[in-house]
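Asker: Got a structure for you, questions after.
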Amino acid sequence: NGDEVLSGQSLPTPLTGKGVIVGIIDTGIDYSHPDFQDENGSSRVLAIWDQNRNNGRGPDEITNTFGMECLSDSIEDGSCPLGDADGHGTHVSGTAAGRNSSYGGMAPDAKIVAVTYDSSLDISTGYAEPIFSTKICQAAYYIFAKADALGMPAVVNMSLGTHIGPHDGTSLFEDCLAELVKGSAGRAIVAAAGNEYSADSTYTGIHAGFSPQGTQASNFVIRQASRDRIYYVDIWGAAGSDLSFALAFRHGAPPRSPSEQTVFVAPGEKKSGAFLGGSIGWSINATETASVLNGKPHVGIRITLGQDVSNPKDYSFDLVVKGTGSFDAWLFPDKPARTIQFTSAEGEKGAEWTFVSGDRQKSVAMPATSPDIIAVGGYTTRNRWSSPTNANCCQVPYALGAILDFSSSGPSADPSFTGPKPDIVAPGGMIASALSTTARPNSSLMMDTLSHSLQAGTSMATPFVSGTIALMFSADPNYTHNDVRRYITESAYQDGNTGSELPNNRWGFGKLDTLAAIEAAIEGGASGSFAGN
């Protein structure tokens, strides 16, 4: 019901996002795309910051500034060298704030500030150091600083996420972002729930966790080689747990006996070695016995494949655990989601230990697990279309109105603190939006304009919610992030797909209804003061 809001149906006035900034932290933006112009042909993109470029001036808002920033003058005259080779950020921007008669976005009069984020990660110690978490928080800070300087409310869209961290709202990544919206009005952050749910009967996904009874294990497989051939298991025990972990290596799946096994690594210890004659390196780091952030013991396992390991799916690994307490473990890389996954091996599969299957829960990515960030899942609103080159093309095996098979599932690792996750579900497949001129999508995904294309995922669903919040802020900038979450979730609609027991782990509170959310917001009013930011 977004069109009804734009036209002002049953509202005091039409709402189009005018006077609001939509911030996009993503792969960049093709600022030359006509969807990002206003009715006079002027660009609505106010600023772009590329954190990866080092051949220009960084933004003044950032201490020890870095990267390259383009401001409105260079964007307007076309001299800004920044763009979006991937196309993901342009597509997301178009859904949130594109202006087009056929494939326009939710808030077509909103201004845009875009950041191309640095996704650096260091796994050299056996623990993953997510450098990108600092950079993404700086990106959100930058967007809000731009908005504050202009006296405008802003919503930040993060169609991104990671599974490195405790998934319980206590990480510095989640906490830093939360601090940017607490105590303020006219600010909100929305993040993708992730695309890591697995409906496969053999492969359960990226999460496993249980309380071991004796010695038990969860089996996982590296299904395809990543570019750097480095894989990681991030393990967080419950506070007070005393668990020891080992890694076993198998030629094939259980019940084939493991050919090699590491020693058990107890809390406070760190060990390393190799399997397969040195072709597969491993390290287990359990030195962080109680995280200063949440009191939880933290274990990191790194696996490195040599170039001679050509078919990693021919092997499998067991994450073996013994001791007292419980744990959660997530696999990385998480994109694409099938790179490395736990299996459904369960029970007596060998004499060494019993197996506990990986599960299909707790796959909502960080920072969407923060209690102060709105987490968005995706469902299907288009499954057939015609391409410019083939009128009989195309279709995907997604049921209309149903959750996307891969839309990540809750709960978080601590729902009592974070609340239900995801919060809401919005259209995620197949979504038509702006196409970057430097992106190269499959021709079957092109729309008739040749300047728009189709994509699917919770990344595509997230800007529907961000755009809805931009419409709310254009009605009243005094809404807090708690206000907008409440109005969006309380007005969500349910149907035969969502079920009546809401919130739940797949749908959150249900499907986004933009008009109902705006009506609820106008009727309920705002609890904050934008002037007091």
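The values are calculated or read from the model by the stated rules, or taken from the named source; none is laboratory data. Note that this is a predicted model, so its numbers are computed, not measured. Every residue, glycine as well, gets a Cβ built from its backbone with ideal geometry; the counts of neighbours run over all protein chains shown. Just so you know, the surface numbers come from the protein's heavy atoms only, side chains and all, with ligands and any DNA or RNA stripped out. Shrake-Rupley method; radii C 1.70, N 1.55, O 1.52, S 1.80 Å.
Asker: So, with +1 on the Cβ of K and R and -1 on the Cβ of D and E, and no other charges, what is the size of the charge dipole of segment 43-181 about its Cα centre, to the nearest 20 debye?
Answerer: So the dipole magnitude of segment 43-181 works out to roughly 340 debye.
Asker: Can you give the extra length, in nm with one decimal, that the chain gains between E76 and S42 once fully stretched, where that is 0.36 nm per residue apart less the Cα-Cα distance?
Answerer: 11.5 nm
Asker: For L400 and Y493 in one chain, what is 0.36 nm times their gap in residues minus the Cα-Cα distance, to one decimal in nm?
Answerer: Computed gain between L400 and Y493 is 31.9 nm.
Asker: Given the protein chains as shown and a 1.4 Å probe, how many square angstrom of S363 are accessible, to the nearest 10?
Answerer: S363 has an accessible surface of roughly 0 Å² with all protein chains in place.
Asker: Right, another one. Identify the trypsin sites (Lys or Arg not before Pro) of segment 228-301 meeting these criteria: DSSP loop state and at most 10 other C-beta atoms within 10 Å of the C-beta.
Answerer: Answer in residue order: no site qualifies.
Asker: Pop out the ³J(HN,Hα) list for segment 325-336 in order, Karplus 6.51 cos²θ - 1.76 cosθ + 1.60 with θ = phi - 60°, rounded to Hz; leave Gly and Pro as x.
Answerer: Rounded to whole hertz, the list is x, 8, 8, 10, 10, 10, 9, 9, x, 9, 9, x.
Asker: Just how far, in whole angstrom, is segment 360-381 from segment 123-154 if you go by their alpha carbon centroids?
Answerer: Cα centroid of segment 123-154 versus Cα centroid of segment 360-381: 19 Å apart.
Asker: Give me the distance in nm between label points sitting 7 Å out from Cα along the Cα-to-Cβ direction at E523 and S416, one decimal.
Answerer: Going by the 7 Å Cα→Cβ label model, 3.4 nm.
Asker: Enumerate the amide H contacts of I189 below 5 Å, restricted to partners 5 or more residues apart or on another chain; note that Pro and chain-start residues carry no placed amide H.
Answerer: Answer set, sorted by chain and number: V156, I374.
Asker: Amide H of Y232: which non-local residues (sequence gap of 5 or more, or other chain) have their own amide H closer than 5 Å, using H built in the peptide plane?
Answerer: Residues meeting the amide H criterion: I303, F332.
Asker: So if I place +1 on the C-beta of Lys and Arg and -1 on the C-beta of Asp and Glu, and nothing else carries charge, what would the dipole magnitude of the chain be about its Cα centre? I want it in debye, nearest 20.
Answerer: With Lys and Arg at +1 and Asp and Glu at -1, about 1040 debye.
Asker: Can you run phi through the Karplus equation (6.51, -1.76, 1.60; θ = phi - 60°) for segment 429-434 and list ³J(HN,Hα) in whole Hz, with x for Gly and Pro?
Answerer: x, 8, 9, 8, 7, 4
Asker: If the chain between N442 and F210 were fully stretched, how many nm would it gain, using 0.36 nm times the residue separation less the Cα-Cα distance?
Answerer: 79.4 nm
Asker: Moving on. Please report the antiparallel percentage of the DSSP beta bridges confined to segment 2-138, to the nearest 5.
Answerer: Percent antiparallel among DSSP bridges in segment 2-138 is about 35.
Asker: Counting DSSP beta bridges in the chain, what percent are antiparallel, to the nearest 5?
Answerer: Taking every DSSP beta bridge with both residues in the chain, the antiparallel ones total about 70 percent.
Asker: Got a sec to turn the phi values of segment 446-452 into Karplus ³J(HN,Hα) couplings, 6.51 cos²θ - 1.76 cosθ + 1.60 with θ = phi - 60°, whole Hz, x for Gly and Pro?
Answerer: 6, 9, 5, 6, 6, 10, 9
Asker: Would you work out which of N383, L512, G268 lies farthest towards the positive end of the dipole of the chain? Charges go on Cβ: Lys and Arg +1, Asp and Glu -1.
Answerer: The residue sitting farthest along the positive end of the dipole is G268.
Asker: Out of residues 5 or more away from V265 or on other chains, whose amide H comes under 5 Å of its own, with H placed 1.01 Å from N in the peptide plane?
Answerer: Amide H neighbours of V265: F245, A246.
Asker: Determine the share of segment 357-485's accessible area contributed by carbon and sulfur atoms, expressed in whole percent, with a 1.4 angstrom probe.
Answerer: Using a 1.4 Å probe with all protein chains present, segment 357-485 comes out at 50 percent carbon and sulfur.
Asker: Measure nothing fancy, just the Cα-based angle from helix 131-150's long axis to the longest principal axis of the chain, in degrees from 0 to 90, nearest 10.
Answerer: For helix 131-150, the angle is close to 20 degrees.
Asker: Quick one: longest stretch of the chain between exposed loop GluC sites (Glu not before Pro), exposed meaning at most 13 other C-beta atoms within 10 Å and loop per DSSP?
Answerer: 40-500
Asker: Given R₀ = 56 Å, FRET efficiency for E346-N54 by Cβ-Cβ distance, to 0.05?
Answerer: The value I calculate is 0.65.
Asker: So in segment 288-439, what percent of DSSP beta bridges are antiparallel if you round to the nearest 5?
Answerer: Percentage antiparallel, nearest 5: 55.
Asker: Just to confirm my numbers, what's the Cα centroid distance between segment 228-271 and segment 505-522 in Å?
Answerer: With segment 228-271 and segment 505-522 each reduced to a Cα centre, they are spaced 42 Å.
Asker: So with the 1.4 Å probe, I'd like the accessible area per residue for the chain, rounded to whole Å².
Answerer: I get 37 Å² per residue for this part.
Asker: Which of (1) 71, 54, 54; (2) 65, 57, 53; (3) 76, 60, 47 is the computed Cα extents along the principal axes in Å for the structure on display?
Answerer: (1)
Asker: Between N390 and K18, what is the label-to-label distance in nm when each label sits 7 Å out along the Cα-to-Cβ direction?
Answerer: If labels sit at N390 and K18, their model points lie 4.4 nm apart.
Asker: Just to be sure I understand the model, the point goes 7 Å from the Cα along the line to the Cβ. What's the resulting S102 to A253 distance in nm?
Answerer: Here the modelled spin labels are 4.5 nm apart.
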